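The values are calculated or read from the model by the stated rules, or taken from the named source; none is laboratory data. Note that this is a predicted model, so its numbers are computed, not measured. Every residue, glycine among them, receives a Cβ derived from its backbone with ideal geometry; neighbour counts consider all protein chains shown. Protein only, heavy atoms only, side chains kept; ligands, DNA and RNA dropped before computing areas. Shrake-Rupley method; radii C 1.70, N 1.55, O 1.52, S 1.80 Å.
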Amino acid sequence: MADLTVRPMAADDADRVLAIYQAGLDGGDASFETTAPTWTAFDEARLPDHRFVVVDGDESVIGWIAVSPTSARAVYAGVVEHSIYVDPAAQGRGVARLLLDALIASTEAAGIWTIQSGVFPENTASLALHQRAGFRLIGTRERIGQHHGRWRDVILLERRSPVIT
C-alpha cells in the first residue's frame with residue numbers, strides 16, 4: 001500500500017471515476033444501476049466534501065468513494081449513504097479500506113453520525129470490508145428490486161460514529 005495515496009476527488013478525475021463505476025456495474029453485484037451516470041449527474045447527487053480517490057504510483061485513479069444525503073429533512077442531516085468502487089485490476093490491494101477510512105474521518109469531522117450502505121448478499125468482499133470497518137448488519141431487504149430480470153435482496157449496513165453523540 002506504500003504506493004497508494006488517498007486524495008479528494010476532483011473534476012479532472014471524472015473519466016476514471018466513471019470508468020471504474022461502470023466496471024463495477026458490469027460485474028453485476030455492485031448496484032441495481034446498470035449504467036454509470038454522466039459526470040454532471042454524479043456531481044449533483046453527491047456531497048462535495050466527502051469524495052475521495054486512491055491513486056497509485058503513476059497517479060492513476062484506481063478507486064473512489066462518495067456519499068449522498070439520505071434525506072432532505074434536517075433531522076437526517078447527519079446520515080449519508082456511501083458508494084465505493086475499486087478498479088477490478090486493483091482489487092485486493094487495500095484500496096477500499098483506505099477509502100473507507102478516509103470517508104469515516106471526513107464525515108466524523110463534519111458531524112455526520114451515520115454512514116449506511118446497501119450491499120447485495122453475493123458481494124461478500126464488500127460485506128467483509130464493511131464489517132471490519134465497524135459497520136453492523138441492520139437487516140436484509142428481501143426481493144427489494146429487480147436487476148437484470150431477477151429479484152435481488154439487499155443487506156442494509158450502517159456505521160454509527162462513536163465520537164458523534
- Taking the range 32-51 on its own, how many of its residues are open to solvent by less than 40 Å² (accessible area, probe 1.4 Å) and either touching a Pro at 6+ places or on another chain (Cβ under 6 Å) or in contact (Cβ under 8 Å) with a residue 60 or more places away in the chain (or both)? 1
- Can you tell which of Tyr85, Tyr76 is in contact with a helix residue (DSSP H, G or I) (Cβ under 6 Å, 6 or more places away or on another chain) and surrounded by 12 or more Cβ atoms within 10 Å (Cβ to Cβ)? Tyr85
- Message: Could you go through the range 119-132 and let me know if any residue there is open to solvent by less than 50 Å² (accessible area, probe 1.4 Å), of a type outside the set (S, T, N, Q) and in contact with a Pro (Cβ under 8 Å, 6 or more places away or on another chain).
- Response: yes
- Taking the range 133-163 and keeping residues of a type in the set (D, E, K, R) and more than 23 Å from Ala102 (Cβ to Cβ) leaves Arg141, Glu142, Arg143, Arg150, Arg152, Asp153
- Item | Filter pass, Ser106 being assigned to a helix (DSSP H, G or I), in contact with a strand residue (DSSP E or B) (Cβ under 9 Å, 6 or more places away or on another chain) and over 21 Å from Gly24 (Cα atoms) | yes
- Look through the range 108-118, keep the residues that are in contact with a Gly (Cβ under 7 Å, 6 or more places away or on another chain) and not hydroxyl-bearing (Ser, Thr, Tyr), and return whichever of them is surrounded by the most Cβ atoms within 10 Å (Cβ to Cβ). Ile112
- Task: Looking only at the range 107-137, count how many residues are farther than 29 Å from Ala90 by Cβ and more than 17 Å from the chain's Cα centre (by Cα).
- Result: 1
- Within the range 24-81, restricting attention to residues that are touching a Gly at 6+ places or on another chain (Cβ under 6 Å) and of a type in the set (A, V, I, L, M), which residue is modelled with the lowest pLDDT? Ala30
- Selection from the range 139-165 of residues open to solvent by less than 100 Å² (accessible area, probe 1.4 Å) and acidic (Asp, Glu) yields Asp153, Glu158
